[in-house]
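First the structure, in the form of structure tokens, and then the observations on it.
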Amino acid sequence: MRSLDVDFLVVGSGAAGLCAALRAHDLGLKVLVIEKSDRYGGSTAMSGGVCWVPNNPTMHLSDSDEEALDYLREITGDEGDEVALSAYVTQSQRMVDYLGEHSHVRFDAIQKYADYYPEVRGGKAGGRSMESRPFDGSKLGDELRRLRLPHPQSQILGKFGITARQAHTLLTGGWRGVLFMAWCFFGYCLRVFKRRRYGRDTRLFAGNALMGRLRRSLLDRGVTVELECGLVDLIEHEGRVVGAQVETPSGRHEVRARHGVLLAAGGFEKNASMRAKYGPAPSSVTWTAANPYSQGEGIVAGASVGGALALMDEA
């Protein structure tokens, strides 16, 4: 990689970063995504890939923006910001609609996946949590090999994934669960040639499916995701961030970003000193299932140029 100029630089290749890159491109910006590891997807790719979108168009229970705000006020208490909470409710719905119309991303409400606190005012017994539809990873071509693998514990017998809705059937379905599992193994066997070609199962679920759909959408747009390209420091000029210094296998380079830098590099689960400083004690970097590259560089970089930190003691 050489030093270059772009309109918008995204640091981190999880769902937040790639979603922002997609939207920025559609607004007419030249976008670059950088990822310090040799795989894109971050903790999102290892996770269930579930997003919380109240009053979404595919949920079966009745809902409203007012009920969603009541719920958010209840669970955030005096730490919640009313403007931010209201923006989250409306813009999360807008995000689902936009991605459904302009990308490969497709979300479905999980009807029996309850809010974490369904008993509080505004809580719902299901439908607000949404998951990505499964995705054929072979549509990514060679980029499938660069997608971070799902967490091993999310895979059935370490071989293939299922959706949250299917997991409910498996756990509660009796003989239906047995038949479902047989069908899953049948499909897994049919993908034998694709598995040999890509070195992994090509039927993507959960966070892997979400990341596969986002990456395919960026490939369609020609947006580059530069791997093994880590953030070193942000570049300031006259009080604003105008780019970043990055470290690559070929050395250190500058990326100038005319319209800004988005820090979407995740948390600090694997940073022992930050865990000791902000989290409860005792603590260990082994006590997390997150992406091993979650070292908190984005948080440190943001704070170094005056960014405010909050809720650092929260998971």
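The values are calculated or read from the model by the stated rules, or taken from the named source; none is laboratory data. This is a predicted model, so every value here is computed, not measured. Positions of Cβ are backbone-derived with ideal geometry, glycine not excepted, and every protein chain shown enters the neighbour counts. Ligands, DNA and RNA are excluded from the accessible area calculation, which covers all protein heavy atoms including side chains. Shrake-Rupley method; radii C 1.70, N 1.55, O 1.52, S 1.80 Å.
In segment 299-315, how many are crowded, with 20+ Cβ neighbours inside 10 Å and over 23 Å from T76 (Cβ atoms)?
First pass over segment 299-315, keeping only residues crowded, with 20+ Cβ neighbours inside 10 Å: 299, 301.
Narrowing further to those that are over 23 Å from T76 (Cβ atoms): 301.
Number of matching residues: 1.
Just need a number here: residues in segment 227-259 that are touching a Phe, Trp or Tyr at 6+ places or on another chain (Cβ under 7 Å) and open to solvent by 30 Å² or more (accessible area, probe 1.4 Å). Let's see the steps before the verdict.
So the first thing to find is which residues in segment 227-259 are touching a Phe, Trp or Tyr at 6+ places or on another chain (Cβ under 7 Å), and the list is 227, 257, 259.
With open to solvent by 30 Å² or more (accessible area, probe 1.4 Å) added as a condition, the list becomes 227, 259.
Here the count works out to 2.
Keeping to segment 260-282, report how many residues are open to solvent by 80 Å² or more (accessible area, probe 1.4 Å) and either under 23 Å from the mean Cα position of the chain (by Cα) or of a type in the set (D, E, K, R) (or both).
So the answer is 1.
Before we move on, is L204 within 23 Å of F135 (Cβ to Cβ), open to solvent by less than 60 Å² (accessible area, probe 1.4 Å) and either modelled with pLDDT of 95 or more or β-branched (V, I, T) (or both)?
On the way: within 23 Å of F135 (Cβ to Cβ): yes; open to solvent by less than 60 Å² (accessible area, probe 1.4 Å): yes; either modelled with pLDDT of 95 or more or β-branched (V, I, T) (or both): yes.
Here the answer is yes, as L204 does meet what is asked.
Would you kindly identify the helices (runs of 4 or more DSSP H) lying entirely within segment 160-200 that contain at least 2 residues that are under 20 Å from E131 (Cα atoms) and not acidic (D, E)? Break it down stepwise before answering.
Values: elements: 164-172, 175-190, 192-198.
Where helices (runs of 4 or more DSSP H) fall fully within segment 160-200 and carry at least 2 residues being under 20 Å from E131 (Cα atoms) and not acidic (D, E), they are 164-172, 175-190.
What are the residues in segment 76-90 that are open to solvent by 60 Å² or more (accessible area, probe 1.4 Å), farther than 16 Å from D63 by Cβ and assigned to a helix (DSSP H, G or I), if any?
Of everything in segment 76-90, those that are open to solvent by 60 Å² or more (accessible area, probe 1.4 Å), farther than 16 Å from D63 by Cβ and assigned to a helix (DSSP H, G or I) turn out to be D78, E79, E82, V83.
Considering segment 91-118 alone, what residues qualify as being in a loop (DSSP other than H, G, I, E, B) and either open to solvent by less than 60 Å² (accessible area, probe 1.4 Å) or of a type outside the set (F, W, Y) (or both)? First the steps, then the outcome.
Within segment 91-118, the subset in a loop (DSSP other than H, G, I, E, B) is 103-106, 110-118.
The answer is S103, H104, V105, R106, I110, Q111, K112, A114, D115, P118.
Residue by residue through segment 211-265, note down the ones that are closer than 27 Å to D26 by Cβ, of a type in the set (S, T, Y) and out of contact with any strand residue (DSSP E or B) (no Cβ under 7 Å at 6 or more places or on another chain).
S217
Every residue in segment 292-315 that is in a loop (DSSP other than H, G, I, E, B), among the aliphatic types (A, V, I, L, M) and at negative phi, please. Working first, answer last.
So the first thing to find is which residues in segment 292-315 are in a loop (DSSP other than H, G, I, E, B), and the list is 292-296, 305-315.
Those still in the list that are among the aliphatic types (A, V, I, L, M) too: 305, 308-312, 315.
Once the filter is applied, which keeps residues that are in a loop (DSSP other than H, G, I, E, B), among the aliphatic types (A, V, I, L, M) and at negative phi, segment 292-315 yields V305, A308, L309, A310, M312, A315.
Does any residue in segment 152-166 that is among the charged types (D, E, K, R) come within less than 9 Å, Cβ to Cβ, of a residue that is in a loop (DSSP other than H, G, I, E, B) six or more places away or on a different chain, and which pairs are these?
K159/D201; R165/I110; R165/Q111; R165/K112; R165/Y113
Restricting to segment 61-100, what's the tally of residues that are within 19 Å of the chain's Cα centre (by Cα) and of a type in the set (D, E)?
1
Residue by residue through segment 153-193, note down the ones that are β-branched (V, I, T), more than 16 Å from G48 (Cα to Cα) and open to solvent by less than 30 Å² (accessible area, probe 1.4 Å).
Step one: of segment 153-193, the residues β-branched (V, I, T) are 156, 162-163, 169, 172, 178, 192.
Applying the additional criterion that residues be more than 16 Å from G48 (Cα to Cα) yields 169, 172, 178, 192.
Hits for segment 153-193: nothing passes.
Per-residue answers, yes or no, for (1) at pLDDT 90 or above; (2) of a type in the set (K, R); (3) in contact with a His (Cβ under 9 Å, 6 or more places away or on another chain):
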{"position": "Y113", "(1), (2), (3)": "yes, no, yes"}
{"position": "Y117", "(1), (2), (3)": "yes, no, no"}
{"position": "R128", "(1), (2), (3)": "yes, yes, no"}
{"position": "F135", "(1), (2), (3)": "yes, no, yes"}
{"position": "R148", "(1), (2), (3)": "yes, yes, no"}
{"position": "R165", "(1), (2), (3)": "no, yes, no"}
{"position": "G173", "(1), (2), (3)": "no, no, no"}
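Among the listed residues V83, V11, which satisfies the condition of being of a type in the set (V, I, T) and in contact (Cβ under 8 Å) with a residue 40 or more places away in the chain? Step through it out loud before you land on a result.
Values: V83 fails: in contact (Cβ under 8 Å) with a residue 40 or more places away in the chain.
Exactly one residue qualifies, and that residue is V11.
Within segment 269-276, does at least one residue satisfy the condition of being over 27 Å from G49 (Cβ atoms) and touching a helix residue (DSSP H, G or I) at 6+ places or on another chain (Cβ under 6 Å)? Walk me through how you get there before you give the answer.
Narrowing segment 269-276 to residues over 27 Å from G49 (Cβ atoms): 272-273, 276.
Checking the rest, the ones that are also touching a helix residue (DSSP H, G or I) at 6+ places or on another chain (Cβ under 6 Å) come to none.
Checked against the condition, which is being over 27 Å from G49 (Cβ atoms) and touching a helix residue (DSSP H, G or I) at 6+ places or on another chain (Cβ under 6 Å), segment 269-276 yields no hits at all.
If you take the residues of segment 17-72 that are among the aromatic types (F, W, Y) and either over 17 Å from L149 (Cβ atoms) or assigned to a helix (DSSP H, G or I) (or both), which of them is least open to solvent (accessible area, probe 1.4 Å)?
Narrowing segment 17-72 to residues among the aromatic types (F, W, Y): 40, 52, 71.
Within this subset, residues satisfying the condition of being either over 17 Å from L149 (Cβ atoms) or assigned to a helix (DSSP H, G or I) (or both) are 52, 71.
Numbers: W52: 49, Y71: 8 Å².
The qualifying residue least open to solvent (accessible area, probe 1.4 Å) is Y71.
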